[in-house]
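Chemist: A single structure is presented below for examination.
The values are calculated or read from the model by the stated rules, or taken from the named source; none is laboratory data. Just so it is clear, the structure is predicted and the values come from calculations on it, not from any experiment. Positions of Cβ are backbone-derived with ideal geometry, glycine not excepted, and every protein chain shown enters the neighbour counts. The accessibility values were calculated without ligands, DNA or RNA, using every heavy atom of the protein model including side chains. Shrake-Rupley method; radii C 1.70, N 1.55, O 1.52, S 1.80 Å.
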Amino acid sequence: MRPGTPEDEWREDCAPRRVLELFATKWTSMVLHTLHARHGGVARTGVLQRSLPGISKKMLTQTLRDMEASGLIARRVLAAMPPMVDYRLTELGRRFVEPVELLYRWGRDNADALDALRPRASARRA
């Protein structure tokens with residue numbers, strides 16, 4: 001936002017802040033990217049977990065719930081025994097994939113610079 005913009009553009013629930021909330025956890029963008037790039041927009045929980053090394057079942061479940069509440073994905077219960085559930089990108093989720101993919105492409109294009117950064121204490125890479 002530009003200096004001197006109206007106060008209501010800076011309110012707590014403004015659009016830029018809501019977008020940043022969607023990135024509140026690292027897993028949101030990774031689940032979105034994985035659903036889109038690896039699974040054509042639809043996948044079951046177990047498939048997603050196998051596609052996302054390092055995510056716990058609990059974190060995946062919480063991320064999927066948050067993404068559903070945000071309108072990025074829809075949960076569908078399939079009539080089977082035992083019941084099966086899949087997750088699919090909504091229209092909003094498909095539109096949100098665009099900026100996520102731009103960030104991921106930037107990361108791949110700048111991998112050498114990112115690799116040269118001092119690793120965080122919690123990072124798993126050497």
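Chemist: Could you check segment 1-37 and list, in sequence order, the residues that are modelled with pLDDT of 95 or more and either open to solvent by 70 Å² or more (accessible area, probe 1.4 Å) or more than 16 Å from Tyr104 (Cα to Cα) (or both)?
Modeler: His36
Chemist: I'm trying to understand the selection: among the residues of segment 38-53, which are modelled with pLDDT of 95 or more and among the small types (Gly, Ala, Ser)?
Modeler: Hits for segment 38-53 are Gly40, Gly41, Ala43, Ser51.
Chemist: Does segment 77-99 hold any residues that are at pLDDT 90 or above and either in a loop (DSSP other than H, G, I, E, B) or open to solvent by less than 50 Å² (accessible area, probe 1.4 Å) (or both), and which are they?
Modeler: Residues satisfying the conditions are Val85, Asp86, Tyr87, Leu89, Thr90, Gly93, Phe96, Val97.
Chemist: Which pairs turn up if I take residues in segment 73-84 that are free of Cβ contacts under 8 Å to residues at least 40 places away in the same chain and look for partners that are part of a strand (DSSP E or B) and acidic (Asp, Glu) with beta carbon separation below 7 Å, at least 6 apart in sequence or on another chain?
Modeler: So the pair list comes out as Arg76/Asp86; Leu78/Asp86.
Chemist: For residues in segment 52-76 being charged (D, E, K, R) and not in a helix (DSSP H, G or I), which is farthest from Val31 (Cα to Cα)? Steps first, answer last, please.
Modeler: Kept after step one, since they are charged (D, E, K, R), are these residues of segment 52-76: 57-58, 65-66, 68, 75-76.
Restricting the remaining residues to those that are not in a helix (DSSP H, G or I) gives 75-76.
Values: Arg75: 14, Arg76: 16 Å.
Here the answer is Arg76.
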